[in-house]
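I have placed the structure first, in the form of structure tokens, so that the comments after it can refer back to it.
Each reported figure results from applying straightforward, stated rules to the coordinates on display, with no laboratory input. Please read these numbers as outputs of a predicted model, since none were measured by experiment. Here Cβ is always computed from backbone atoms with ideal geometry, including for glycine, and neighbour counts include all displayed protein chains.
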Amino acid sequence: MDDDCTLPVLNTGLRGVDVASSKICDVNGKEGKLIYRGFLIQDLAEKAGFEEICFLLLYERLPKKEELDRFDQSLRQKREVPENVFTFLKALPADMNPMDVLQMAVPMLIQKDENVGTPGIENTLFSAENLIAGMATITAAWERIRNNKEPVAPDPSLNHAANFLYMLKGEKPDDESAHFFDTALVLHAEHSFNASTFTARQVASTRAHIYAAVSAAIGSLSGALHGGANVRVMEMLKEIGSVDKIDTYIKTLLDSGGLIMGLGHAVYQTDDPRALILEPMSKRMGEISGDSLWYELSRSLEIKGKAAFKAKKGREIFCNVDFYSASLFYAMGIKTDLFSPLFAISRISGWAAHVIEEQFAMAAPKPSLYRPGAEYVGDYCGPDECSYVDIDER
Ligand SMILES: CC(C)(COP(=O)(O)OP(=O)(O)OC[C@H]1O[C@@H](n2cnc3c(N)ncnc32)[C@H](O)[C@@H]1OP(=O)(O)O)[C@@H](O)C(=O)NCCC(=O)NCCS
């Protein structure tokens with residue numbers, strides 16, 4: 001490159017690069033703070049339900065009581081999905097991964113959205129509600145259908161969290177389980193520019209509609225390095241099996257350079273605030289379910305894993321959100337391959353807020369099509385481009 005030109009900077013994986021301004025979420029890794037629209041996650045988890053969080057993320061403020069009631073009613077009315085979604089799900093092989101199924105089925109919700117693709121924030125807000133309500137129905141329906149059961153129709157008397165558990169299991173959850181699930185949805189709703197959110201924003205920046213952005217985001221979340229970590233936490237707990245095997249397990253794992261799943265985070269340098277909220281929930285859920293093994297294993301693994309890591313690496317490591325969500329969801333009787341879809345049915349609220357910000361926010365810098373560069377490290381033939389050789393002469 002010409003010496004006079006400014007050299008592009010190669011930032012592999014965009015670590016440490018701010019690619020947009022956002023008013024939605026702040027993650028302060030040093031202090032262990034997670035903030036949605038200015039509010040600490042601890043306060044929101046204690047005082048607000050998932051519907052209120054959706055309103056906060058989408059409308060940039062807390063709702064008044066009547067506004068929340070209207071919003072909640074509107075979500076309840078959008079829970080039913082077109083019948084052909086079930087026909088489609090029934091045609092799929094039962095062993096299909098629920099994240100792949102969700103990603104495929106999400107664009108079918110467009111059938112209930114006559115203004116899709118018509119520019120306007122009101123239209124996108126309608127689509128966001130359609131997605132928040134509909135994705136929960138699809139996820140629960142797939143669990144039923146793959147087990148040769150009929151989908152359960154939504155119950156309009158239940159809130160979003162309780163209704164999801166009802167549609168999943170076919171029986172109404174007890175109040176405490178429903179409350180814990182609601183809090184889990186609140187905790188997973190938003191986390192700034194992680195991989196799937198960036199995916200949603202990148203697709204939205206092309207001015208594609210929100211269903212395309214969300215479908216792509218689900219694909220991103222399905223990766224083992226993103227939404228799949230609590231699945232691997234659960235696999236690890238099952239592999240350990242009993243508390244007396246933890247010391248040997250940790251030693252073998254760390255000596256071979258393995259990772260204790262659910263520990264460590266790219267941003268938090270202290271305990272993830274969500275993990276601190278999930279830990280007592282996991283404990284209580286173990287008591288309710290009558291099987292505390294998974295909580296006890298997690299707790300012991302946390303204490304011993306942190307100590308072993310410090311002894312080996314000379315620095316501390318902390319729990320992330322996936323550490324206790326695994327044992328919490330498992331104690332709720334939720335299958336491990338549904339953990340990532342549960343993440344998605346919560347994170348849809350954050351993705352939708354980001355799509356809206358990407359397409360409609362007036363804040364500088366003005367949203368524009370993401371188009372990063374790449375350093376070309378492929379071939380040239382000497383100083384010039386290669387000459388094309390006809391196929392018969394190669
Ligand atoms: C999340 C994660 C990628 C963050 O990584 P990071 O803070 O950037 O830390 P690094 O990957 O730079 O690792 C630093 C060192 O700590 C080690 N380390 C990090 N997390 C570890 C863990 N959970 N168990 C054991 N060792 C770990 C790394 O192997 C590395 O060792 P090295 O210096 O000898 O190479 C990493 O902690 C991890 O893979 N955790 C387990 C998976 C998980 O729970 N993911 C969900 C994240 S929400």
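Listed values, structure above:
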read-out: Cβ crowding within 10 Å averaged over residues, with 156-166, 79-89 ranked highest first; value: 156-166, 79-89
read-out: Compactness of the stretch 139-205, expressed as Rg and Dmax over alpha-carbon positions, Å; value: 15.1, 42
read-out: Charge sum, other residues only, whose C-beta stays under 13 Å from residue 37's C-beta, Lys/Arg counted +1 and Asp/Glu -1; value: -4
read-out: Rh by Kirkwood over Cα pairs, then Stokes-Einstein D for the stretch 229-331 at 0.692 mPa s and 37 °C, µm²/s; value: 243 µm²/s
read-out: Whole-Hz ³J(HN,Hα) from phi, Karplus 6.51 cos²θ - 1.76 cosθ + 1.60, for the stretch 165-177, glycine and proline x; value: 4, 5, 5, 6, 9, x, 9, 5, x, 5, 4, 5, 4
read-out: Under 5 Å, built H, 5+ apart or other chain: amide partners of residue 33; value: 28
read-out: Which listed pairs, of 23/47; 112/169; 245/283; 23/283; 23/310; 149/283, have C-alpha distances above 27 Å, in listed order; value: 23/283; 23/310; 149/283
read-out: 16 Å Cα-Cα reach of residue 64 towards aspartates and glutamates, excluding residues that sit fewer than 8 places from it in its own chain; value: 51, 52, 72
read-out: Largest to smallest principal axis extent of the C-alpha atoms in the chain, angstrom; value: 71, 59, 51
read-out: Separation in nanometres of the label points that stand 7 Å from Cα toward Cβ, at residue 195 and residue 388; value: 3.7 nm
read-out: The chain - mean residue ellipticity at 222 nm from DSSP helices (-39,500 (n - 2.57) per run, n ≥ 4, rounded to 500); value: -17000 deg cm²/dmol
read-out: Amide H contacts of residue 25 (H built 1.01 Å from N, under 5 Å, at least 5 apart or other chain); value: 37
read-out: Fluctuation leader among 277, 250, 303 - the chain, Gaussian network, Cα springs under 10 angstrom; value: 303
read-out: Principal axis box of the stretch 44-85, alpha-carbon based, largest edge first, Å; value: 37, 20, 17
read-out: 294, 351, 142 arranged by Cβ crowding within 10 Å, fewest neighbours leading; value: 294, 142, 351
read-out: All-pairs alpha carbon distance profile, the stretch 129-284, 10 Å steps from 0, percent; value: 9, 27, 36, 23, 6, 0
